[in-house]
Each structure stands twice: as structure tokens, then as C-alpha cells.
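> What follows is a single structure, and I will ask about it in a moment.
Readers should treat all values here as calculations from the given coordinates under stated rules, not as data from a laboratory. Remember, it's a predicted structure, so these values are computed and weren't measured experimentally. FYI the Cβ positions are ideal-geometry reconstructions off the backbone, even for glycines, and counts take in every protein chain you see.
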Amino acid sequence: AEDTGVRVELAEEDHGRKSTIALRLWVEDPKKLKGKPKDNGAIEFTFDLERETPDDVAQEMIESGFFHESDVKIVAKSIRDRVALIQWRRKRIWPALQ
Amino acid sequence: SSLTQVVHSAGRRFIVSPVPESRLRES
């Protein structure tokens, strides 16, 4: 995936059974963002693979004050890339469950 | 505790914790 400066990782082990997963996001390279992020914290949140979109979560992070609105696309892309990887991995490892 | 919880109006919870130094990229 492209290096967006925003890192997203699983916050729990994925067994491929739940549609909701816990993710953790943090800024690795603030220089890649247009605005100043709120702080250096890691933001943990849940994401429903079947019902939600990365754009929804990114928008909620902007509205919650974590990022400037000009960074909504880069945050959404960072989440989207990780979600795509998780879904690809699920289909490869547990095809019968998907 | 160093954890901070932010709840968005749509109901999603964001839990913020410090990033370990080892996870931050060296510049």
C-alpha cells in the first residue's frame, strides 16, 4: 500500500469470523498531512467490514477533532488500504467463512 | 490512566492511547 504517513493496524487478532474488527491508527509522518493532527496518540476504533466505509470513519475522526478536514482523504485511504488487506487475507486464509 | 475516550455523535468510540516510541518513525 502507498505510504500515506498514517499507519493503520489491527488492534486485535483476526480470526475471520466477526464482521466488526478493532483497528488502531496513528500518524507516522505528520509532514504528509496538510493540517496538524491533534496529538501523537494512537486512535483505536471498531470497524464493521460489511456495513461501514473507511470514508465514514475518516469523516467522524475529522468531526471529532483528530485531523484537519483537508486530510479526510488521506485518512480514509489509509483505513481503506488496511481494510482491503484484511479482506484479502480473510479470503485467502478462511475462504469458507467468507 | 493515559487513555482518552472520545465518542462521536454517531456513536462510535475512539480510544486514544500514547504511541510507543518504538512505533514512531525516526525522522
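> Hey, any hits in the stretch A:59-74 for a residue that's closer than 17 Å to A:E12 by Cβ, touching a residue at least 12 places away in the same chain (Cβ under 8 Å) and under 13 Å from the mean Cα position of the chain (by Cα)?
Scanning the stretch A:59-74, I find no residue that is closer than 17 Å to A:E12 by Cβ, touching a residue at least 12 places away in the same chain (Cβ under 8 Å) and under 13 Å from the mean Cα position of the chain (by Cα), so the answer is no.
> Still on this model: What do you reckon, is A:R90 surrounded by 14 or more Cβ atoms within 10 Å (Cβ to Cβ) and in contact with a Gly (Cβ under 7 Å, 6 or more places away or on another chain)?
yes
> Right, another one. What are the residues in the stretch B:1-16 that are assigned to a loop (DSSP other than H, G, I, E, B) and either at the interface with chain A (Cβ under 7 Å from one of its Cβ atoms) or not hydrophobic (A, V, I, L, M, F, W, C) (or both), if any?
Within the stretch B:1-16, B:S1, B:S2, B:H8, B:S9, B:A10, B:G11, B:R12 qualify.
> Considering only chain A, give the strands (runs of 3 or more DSSP E) lying wholly within it that have at least 2 residues that are β-branched (V, I, T), in contact with a helix residue (DSSP H, G or I) (Cβ under 7 Å, 6 or more places away or on another chain) and closer than 16 Å to B:V16 by Cβ.
Ranges flagged: A:6-10.
> Please find, within the stretch A:55-76, the residue that is farthest from the other protein chains (Cβ to nearest Cβ) out of those that are among the charged types (D, E, K, R) and surrounded by fewer than 19 Cβ atoms within 10 Å (Cβ to Cβ).
It comes out as A:K73.
> Is there a residue being touching a Pro at 6+ places or on another chain (Cβ under 9 Å), basic (K, R) and more than 14 Å from chain B (Cβ to nearest Cβ) anywhere in the stretch A:82-90?
Scanning the stretch A:82-90, I find at least one residue that is touching a Pro at 6+ places or on another chain (Cβ under 9 Å), basic (K, R) and more than 14 Å from chain B (Cβ to nearest Cβ), so the answer is yes.
> Do you know which of the residues in the stretch A:25-54 that are under 30 Å from A:A96 (Cβ atoms) and surrounded by fewer than 19 Cβ atoms within 10 Å (Cβ to Cβ) is nearest to the other protein chains (Cβ to nearest Cβ)?
Residue satisfying both the conditions and the ranking: A:T46.
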